[in-house]
1. Once fully extended, how much extra length lies between Lys429 and Glu191, figured as 0.36 nm per residue of separation less the alpha-carbon to alpha-carbon distance?
2. Which of the three applies to the chain, rounded, prolate or oblate, going by the alpha-carbon gyration tensor with a ≥ b ≥ c and a/c under 1.5 meaning rounded?
3. Given 0.36 nm per residue, what is the gain on full extension from Glu267 to Lys457 after removing their alpha carbon distance, in nm?
4. When the Cα centres of the stretch 196-252 and the stretch 148-180 are compared, how far apart do they sit, in Å?
5. If we count every other residue with Cβ under 13 angstrom of Gly335's Cβ, Lys/Arg +1 and Asp/Glu -1, where does the sum land?
6. Mind ranking Arg172, Arg448 by accessible surface for me, highest first, 1.4 Å probe?
7. Taking the simple approach of a point 7 Å from Cα along Cα-to-Cβ for both Asn246 and Trp90, what is their distance in nm?
8. Length gain on complete extension for the stretch Asp52 to Ser137, per 0.36 nm per residue less the alpha carbon to alpha carbon distance?
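The values are calculated or read from the model by the stated rules, or taken from the named source; none is laboratory data. Quick caveat: nothing in here was measured; it's all calculated off a predicted structure. Don't worry about glycine lacking a Cβ; one is built from the backbone with ideal geometry, like all the others, and counts go over all protein chains shown. SASA here: full protein model, heavy atoms, side chains in, ligands and nucleic acids out. Shrake-Rupley method; radii C 1.70, N 1.55, O 1.52, S 1.80 Å.
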Amino acid sequence: MKKIVLILLSILMAVSIAACSSGSGGSDYGDVSKVSDMKGTVRVALAGWSLDNGLDAQTGKKTVGLNQYLKQTFNKMYPNIKLEIYQIPWENAKAKQTAMLMSKDVDILYSGGAFASQWYNEGLLRDIDDLIAKDSSFDPSIYLEGIWNNSYSTKSPDGSKQFGIPAILGRRLIVFDKQLFEDWGVEPISEKPTPEEILEKAKKMTGKNPKTGEDNYGLYWSGNSLNGSTFVALTLAFNAPGAEGNLTDLKGIKWKLNTPEMVKVMEWLKEAAKLPPAGFVNAQGAENFGREKNVIAIGIDQTGGSTMSEYRSNNNKELLDRFESRMNMGPKGEGWVAVDPFVMAKDAKDVDAAWEAMKFLSSYQTQKYLYENFSNTPTLKNADFVDKEDKFIQTALQIAEVGHSELMDEANPFFMSDIVPAVNGFISKAATGNAPDIQPFLDDLQKRAENWSANLK
């Protein structure tokens, strides 16, 4: 009898240890048998990463923090490389990480793509083309082509130099509620919807729901978006680039903000601003979007996160079947694609060790870990670890594959400082029926842009 009990206890302990070592998703972390004898110390500044084990606030499932992940992977593969990790909240990431670069206190960084492009233009980051060229183990082709070759977050403004490795994608896709479409008798939106189609169908579903009697809203987007992502998607859809040139020559940019194509962008925003709940001008009013009590038919630049969290919590596919994803409004389904990269400081102390750490932290292995624990969107062509039910990430990857940076982008200083606030102000006024006259509004923005370029030193 004692022998049976001991055997059972041994089995239980083995199961317990296996469960603890495999992370929240129960998967391993890949092959860690290849051990390098490289030595060095790498200072790593990470914006927003979770270092300690914890719980997912939405699903209640355990999450494995970076410290444990590194202990089980990188530390075994590179026992002689010491990683000094600095965790930095997103709220002050740019200021803190800029200070670290200026004082030469960091070797590699993970941060927002706009920050990275600005640091590169200021000469604070190192090109990595030489490191890629001499490293046969690194394969750039595993990353989505659109963001490897065409993103200001990883590539120099003229496209000739690589300075970053794409690590995490932002999701900006169109999500719609099939149930509301059925209630109103409206055909589902197409795989690559145009702005005209979205507006036409959204208008049909604004008002009293014919089946439930509830107030419905045909459309939603964030009316005070800091990066103007919906505006960017519209400029792509209406072929209104807004400017010609590149970010290496800000004085030489030819601004095209008051063209007939840009007028169409603003006309769409003027009409569309009448359809969302009033709180959209402050990014409010869509708290139930993607959930059971939703009253909004179409959401632009959404993530699908709340619906997937509900599914992960209870494996109930009801909401997952109700909310569908579509590509964005650009001609190929593209929209604004946020890319957060790993970059290397211009004055990295130990370049070889820093390169190994930079590769590892943006690798397939680490992206799998980040998806399984924190639902981060990967930047890989073949992200085969993504849950087959996670259609929102699948759509986001399709958008990223055809994505490309334009001058209407957060890497453009004038876009962030003047254009986005002006457009958001226009949207706010349009929502109350007081939209400014479009042509004079754009003429003024054009003049301000030209003055801005002319006065640059």
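1. Taking Lys429 through Glu191 to full extension adds about 82.5 nm, to one decimal.
2. oblate
3. So the extension gain works out to 64.9 nm.
4. 18
5. 0
6. Greatest to least solvent exposure: Arg448, Arg172.
7. Taking the simple label geometry, Asn246 and Trp90 are separated by 3.0 nm.
8. 27.6 nm
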